[in-house]
1. Which of the following residues is open to solvent by 10 Å² or more (accessible area, probe 1.4 Å) and modelled with pLDDT under 95: Ala189, Ala128?
2. I want to confirm something. Restricting to segment 157-186 and keeping residues that are part of a loop (DSSP other than H, G, I, E, B) and not hydroxyl-bearing (Ser, Thr, Tyr), which single residue is surrounded by the fewest Cβ atoms within 10 Å (Cβ to Cβ)?
3. Taking the conditions exactly as written (farther than 26 Å from Met197 by Cα and within 11 Å of ligand 1 (Cβ to nearest atom)), does Val57 satisfy them or not?
4. Just one of the numbered conditions (1) in a helix (DSSP H, G or I); (2) small (Gly, Ala, Ser); (3) more than 15 Å from Asn228 (Cα to Cα) is not true of Gly208; which one?
5. Of all residues in segment 61-86, which are within 13 Å of ligand 1 (Cβ to nearest atom) and open to solvent by 10 Å² or more (accessible area, probe 1.4 Å)?
6. Any residue in segment 32-46 that's at positive phi: show its pairings with residues that are away from ligand 2 (no atom under 16 Å from the Cβ) and part of a strand (DSSP E or B) at Cβ separation under 8 Å, as long as the two are six or more apart or on different chains.
7. Scan segment 95-104 for residues that are surrounded by fewer than 21 Cβ atoms within 10 Å (Cβ to Cβ) and within 14 Å of ligand 2 (Cβ to nearest atom) and jot them down.
8. What residue, among those in segment 41-51 that are surrounded by fewer than 23 Cβ atoms within 10 Å (Cβ to Cβ) and over 17 Å from Tyr27 (Cβ atoms), is farthest from ligand 2 (Cβ to nearest atom)?
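The values are calculated or read from the model by the stated rules, or taken from the named source; none is laboratory data. Keep in mind that what you see is a predicted model, and the values were worked out from it rather than measured. All Cβ positions, glycine included, derive from the backbone under ideal geometry; neighbour counts span all protein chains shown. Keep in mind that these areas ignore ligands, DNA and RNA; they rest on the heavy atoms of the full protein, side chains included. Shrake-Rupley method; radii C 1.70, N 1.55, O 1.52, S 1.80 Å.
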Amino acid sequence: MKGEDYHHGFELLEQAKAFSRAPVSGYQVGAVLITVQGQIFAGANLEFPGQPPSSAVHAEQAAVAAALLRGQRDWRELLVSAPPCGHCRQFLREFDSGSLRVRVLGKDGTESASTLGELLPQAFGGEAFLSDTKGGTERPNPRLPNTDWAAAAREALARSHAPYSGNPAAVVLAGDGHLVAGASLESAAFNPSLGPMACALSQWRMGGREFGEIEHTWLVQSAPRQVNWEQQSRALLASISAAPLTAV
Ligand code: THU
Ligand code: ZN
């Protein structure tokens, strides 16, 4: 049971967990997504002080976002330090039809494996209400300057998953010579959706940086009529950083 494979996975989860920021619960969660080609994407949970608990980024979402932002969509398995919650199961279902293997590696050497389909039978999906015309490929990109942050925003916009609102959105964080982007990743069940600012801040943390290092931020949205990320982005950013936000 406690093979080399378990120890390696457990070690990866411990490393991922170290990037968690959980000022509300004090509970650190780690997740590691492994692609078919063997690439590894780590995630940890992130909570925003003073904000509603529903604004938290779950470790599983952080790992999924890291993979999607790099265009990696063929996943072999997800390692987690605790069984994924219902919200995460629904979020995962957005990007995997149910075959993803989920392995829970407990502290005491216990291990359990199941497929996402087993963890979330009779799943709700966007096909329940998404028409063929909605959520098409047309993406009206806002006019952006010829700069590095804009290039990062364009790339993240292209990776944003927004078939329900039709509003692909991205946030770029800049600081200490680094640029980190996040994208909105919508869920068919709406509430488990990950917003662009929460996504970007979580990726910033997963890069091992502190929030105090952020100097400037940009929010870029395509069509903010149905869904507008600006208010939430400003609130989440202000809860952990004094950096300004430019909305484009
Ligand atoms: N959490 C996760 O990261 N994944 C789960 O599936 C369970 C819950 C986080 C969210 C919050 O930051 C803390 O654990 C307490 O729920
Ligand atoms: Zn969860």
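1. Answer to the check: Ala128.
2. Gly177
3. So Val57 fails the test.
4. So the condition that Gly208 fails would be (1).
5. Result: Ser81, Ala82, Pro83, Cys85, Gly86.
6. Gly38/Arg76
7. Selection gives Val104 alone.
8. Gly50
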